[in-house]
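Enquirer: So that we are looking at the same thing, I have put the structure below in structure tokens.
The values are calculated or read from the model by the stated rules, or taken from the named source; none is laboratory data. Predicted, not measured: the structure shown is a model, and the values here were computed from it. Ideal geometry is used to build each Cβ from the backbone, glycine not excepted, and the neighbour counts take in all protein chains shown. Each accessible area value is taken on the protein alone, full model and side chains, heavy atoms only, with ligands, DNA and RNA left out. Shrake-Rupley method; radii C 1.70, N 1.55, O 1.52, S 1.80 Å.
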Amino acid sequence: MSNIVEVNSLTKSYGNFIALENINLSVKKATVFGLIGANGAGKSTLIECILGVKKFEKGEVTIFSQNPNRKRKELFQKIGVQFQESDYQSEIKVNELCQEMACLYKHPQDWKALCKKFNIEDKIKQSVKSLSGGEKQRLFIVLALIGNPKLVFLDELTTGLDSKARKEVWNILSSLKKEGLTIFLTSHFMDEVEALCDEICILKNGKIVFNGTIEEVKKETECSSLEEAYLKITSEEE
């Protein structure tokens, strides 16, 4: 199974503060990879380094065997990104935003079909600011998928969704994975990570404290759930 993302010996600093230290990870094709850790652990910084948004002092990153800094335009057509918080024009409507996003890609998906899949088809003529938190979150997932990506980064994708909506999103993502989509996921919900992820990486204070499968971390910590294993492995590193 080929690797879509490769990160080797990545180190990122802000002055004397080391935000990420010697990060090594890989993401296989058509899998869900979970990046977890407390706020401030370095998750967002790592994603921004992988995407080429932030420069780093040491190491190497490749996506689809290409350098994201040098091949931004080519990679942009293959990658979708959903951030937890996004700012758009205050009065822009859902359909306008989706149309604008679709225009950026050579082979976009049918955004109306995506809106229907994520149960916001009845909101397309409303302004984005009028949507509930959960509706906005589903819209942001739609926007990340409009470009028909091969790899998608999802940041806290089900924040604001009720239990039924969360499970619906999980099912959709699982079906997309079966169709070949590679998913890079960050989440604070351990049940979500356990349900979706094939492999995980746990960050603490800018360092990897575990990298492997969920079964491996549970076996290593002798815990029955990922949440217990996560709490044990991070506290042991204090």
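Enquirer: With region 1-92 as the region, which strands (runs of 3 or more DSSP E) entirely inside it contain at least 1 residues that are free of Cβ contacts under 8 Å to residues at least 12 places away in the same chain, open to solvent by 30 Å² or more (accessible area, probe 1.4 Å) and among the aromatic types (Phe, Trp, Tyr)? Walk me through how you get there before you give the answer.
Expert: Values: elements: 3-14, 17-28, 32-36, 58-63, 79-82.
Fully inside region 1-92 and qualifying: 3-14, 17-28.
Okay, residues lined up against (1) basic (Lys, Arg); (2) modelled with pLDDT under 95; (3) over 21 Å from ILE233 (Cα atoms):
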| site | (1), (2), (3) |
| --- | --- |
| SER2 | no, yes, yes |
| GLU6 | no, no, yes |
| THR11 | no, no, yes |
| ASN22 | no, no, no |
| ALA41 | no, yes, no |
| THR45 | no, yes, yes |
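Enquirer: Then there's this: Scan region 147-201 for residues that are charged (D, E, K, R) and part of a helix (DSSP H, G or I) and jot them down. Don't jump to the end; show me each part of the working.
Expert: As a first pass, look at region 147-201 and keep what is charged (D, E, K, R): 150, 155-156, 162, 164, 166-168, 177-179, 191-192, 194, 198-199.
Scanning region 147-201 gives LYS164, ARG166, LYS167, GLU168, LYS177, LYS178, ASP191, GLU192, GLU194.
Enquirer: In this structure, is ILE146 crowded, with 18+ Cβ neighbours inside 10 Å and within 21 Å of ASN24 (Cβ to Cβ)? Steps first, please.
Expert: On the way: crowded, with 18+ Cβ neighbours inside 10 Å: yes; within 21 Å of ASN24 (Cβ to Cβ): no.
Spelling it out, it is not the case that ILE146 is crowded, with 18+ Cβ neighbours inside 10 Å and within 21 Å of ASN24 (Cβ to Cβ).
Enquirer: Moving to a separate point now. Given the criterion farther than 20 Å from GLU156 by Cα and touching a Pro at 6+ places or on another chain (Cβ under 9 Å), identify the matching residue among LEU104, LEU75. Before you say what the answer is, go through the steps one by one.
Expert: On the way: LEU104 fails: touching a Pro at 6+ places or on another chain (Cβ under 9 Å).
So the residue among LEU104, LEU75 that is farther than 20 Å from GLU156 by Cα and touching a Pro at 6+ places or on another chain (Cβ under 9 Å) is LEU75.
Enquirer: Something else now. Could you list, in sequence order, the residues of region 154-185 that are farther than 17 Å from LYS29 by Cα and open to solvent by less than 50 Å² (accessible area, probe 1.4 Å)?
Expert: Taking region 154-185 as the starting set, the residues that turn out to be farther than 17 Å from LYS29 by Cα are 155-172.
Correct list: ASP155, GLU156, LEU157, THR158, THR159, LEU161, ALA165, ARG166, VAL169, TRP170, ILE172.
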